[in-house]
1. With Cβ to Cβ distances under 13 Å as the rule, what net charge do the other residues near residue 120 carry (K, R +1; D, E -1)?
2. For labels at residue 309 and residue 100 in the simple 7 Å Cα→Cβ model, what's the distance in nm?
3. Using a 1.4 Å probe, what is the accessible area per residue for region 212-273, in Å²?
4. Ordering 307, 247 by how much accessible area each has at a 1.4 Å probe, largest first, what is the list?
5. Provide the per residue accessible area, probe 1.4 Å, for region 6-177, rounded to a whole number of square angstrom.
6. Please find, in a Gaussian network model of the chain (springs between Cα atoms separated by less than 10 Å), the residue of 103, 319, 178 whose mean-square fluctuation is greatest.
7. Accessible area of region 71-205 with a 1.4 Å probe: how many percent of it is carbon plus sulfur?
8. Taking R0 as 56 Å, what's the FRET efficiency between residue 175 and residue 207 from their Cβ-Cβ distance, rounded to 0.05?
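The values are calculated or read from the model by the stated rules, or taken from the named source; none is laboratory data. Since the model is a prediction, treat every value here as computed from it, not as a measurement. Here Cβ is always computed from backbone atoms with ideal geometry, including for glycine, and neighbour counts include all displayed protein chains. With ligands, DNA and RNA removed, areas are computed over all heavy atoms of the protein, side chains included. Shrake-Rupley method; radii C 1.70, N 1.55, O 1.52, S 1.80 Å.
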Amino acid sequence: MVVKRYAHIIGTGSYVPEKILTNFDLEQMVDTSDEWITTRTGIKRRHIASKEVCSSDLSIAASRKAIAAAGIKASDIDLILLGTVTPDFPVPSTACIVQDKLGAVNAGVMDIVAACSGFVYGLSLAKAMVEASQYNNVLVIGVETLSKITNWEDRNTCVLFGDAAGAAIVHASEKPGGILGTYLKSDGSLAHLLSITAGGTRVPIDASNVNNGDRYLKMAGPEVYKNAVRTMTEAAFEVLKRTNLSSADIDLMISHQANIRIIESTARKINVPPEKVYINIQEYGNTSAASIPLALDEAIRTGRVKSGDIVLLVAFGGGLTWGSAIVEL
Ligand code: ACO
């Protein structure tokens, strides 16, 4: 008889760099104000990595906490899925560097490039791999050092982003529950809304573009905003349908923390009341792939959610990509 396997999150961890950049600091750098940033985005401060710190460093710190929380050893991990758009290098993958430094000697690894949806993409893959009896302990990481691809002279973007990592151990169990369902989607025809145009093989970095801003993240803010609400609403309803649940069953909604108005607007559209919506954007800004696992780890460690609670994760990001997951903790 084939025993059904379920994919449970058994430990989470997160890490942010020490250095904090406040809205008041940004007032000294570009033509902006604390009032504009707070009312338009909800962000008050963000954490910024120092020059020598990169995505693998943040990932390792977050992963060690997740491994400890799960009560396993690094050698028990058989797969590492790492979502990021800010890898340490083009080659090798950041997941390889993390695997080595963690001592995850039995793990296969890969990076996932899905921008802010990277963690939810990873979680969805982890669920499938665990349920298919391929893997027993999957480390899923969402990490960014967006500060390194931010144009600090562009007020349209530099006020929005922060650096962070979040991680979760997805474990195979015969106990029903865990990650109940997921949904992934994309629309590459909207790639131009959020992109870095130089530094790949289409436009390599050379003397002609090194200083013209093309190696930094550019965004059509208002268009991204509209698509964010539309796609996250769709993703939330779709995963509810797939899991035969309704909005009333959700104990906590953790959406990608891009803008407080996007989060509140999405929650209203899917009928999740404000007290069930997790918001920490004021502390960290938009940390892309790290935002959902960072918030999930905070919610667990502060007791905002407990074992048995139903949590809706919903994300969107550059690509465009979007997705969702419903997890019974
Ligand atoms: N300080 C002061 N004024 C500013 C700033 C700033 N930092 N940035 C823009 N402005 C100005 C604009 O120039 C504009 O001035 P104008 O009216 O004279 O032309 C005015 O403020 C309004 O600008 P809008 O862009 O229309 O402002 P909006 O209310 O749309 O807010 C924002 C902009 C915050 C970027 C919003 O559109 C947004 O959050 N978009 C979504 C961003 C997002 O979710 N990104 C996620 C993906 S990130 C990833 O994948 C890595």
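1. That sum, taken over residues with Cβ under 13 Å, equals +1.
2. If labels sit at residue 309 and residue 100, their model points lie 3.9 nm apart.
3. 44 Å²
4. 307, 247
5. That works out to 41 Å² for each residue.
6. Of 103, 319, 178, the Gaussian network model singles out 103 as fluctuating most.
7. 54 percent
8. It comes out at approximately 0.40.
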